[in-house]
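Beneath this line is the structure, given in structure tokens, with notes to follow.
The values are calculated or read from the model by the stated rules, or taken from the named source; none is laboratory data. Because the structure is a prediction, the values reported are computed rather than measured. Cβ sites come from the backbone with ideal geometry, for glycine too, and all protein chains shown count toward neighbours.
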Amino acid sequence: MGIGRDGYGLYVFITTSLVTAAVIGYVFWDEKRLKEKRRKNVREYVRARQQLENMERYQAQQKFIANYGKSDSAK
């Protein structure tokens with residue numbers, strides 16, 4: 001009953017290799033999924049920030065137009 005004489009070595013090697021390959025595949029898949037999730041969150045942040053900047057610019061333009069009309073009518 002020495003090591004390797006029971007004939008389980010090949011089965012253990014194959015099983016270990018399959019489990020290792022499955023774990024590596026899962027890790028790569030999970031990293032890709034997390035990367036896409038982060039990318040989506042960044043896109044959403046940039047879109048929201050751009051909307052805020054556009055709204056601020058629009059309000060500044062509206063304020064300028066309102067003031068321009070007042071100064072024009074005062075003359």
Requested in this report: Search region 1-14 for residues that are modelled with pLDDT of 85 or more and pair each with any residue that is not small (Gly, Ala, Ser) when their beta-carbon atoms are under 9 Å apart and the residues are at least 6 apart or on different chains.
Outcome: GLY9/ILE3
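Please work out if GLY25 is of a type outside the set (A, V, I, L, M) and modelled with pLDDT under 95. Show your work before the answer.
On the way: of a type outside the set (A, V, I, L, M): yes; modelled with pLDDT under 95: no.
Against the criterion (of a type outside the set (A, V, I, L, M) and modelled with pLDDT under 95), GLY25 does not qualify.
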Report summary line: Subset of region 24-75, residues under 24 Å from the mean Cα position of the chain (by Cα) and among the small types (Gly, Ala, Ser), comes to GLY25, ALA48
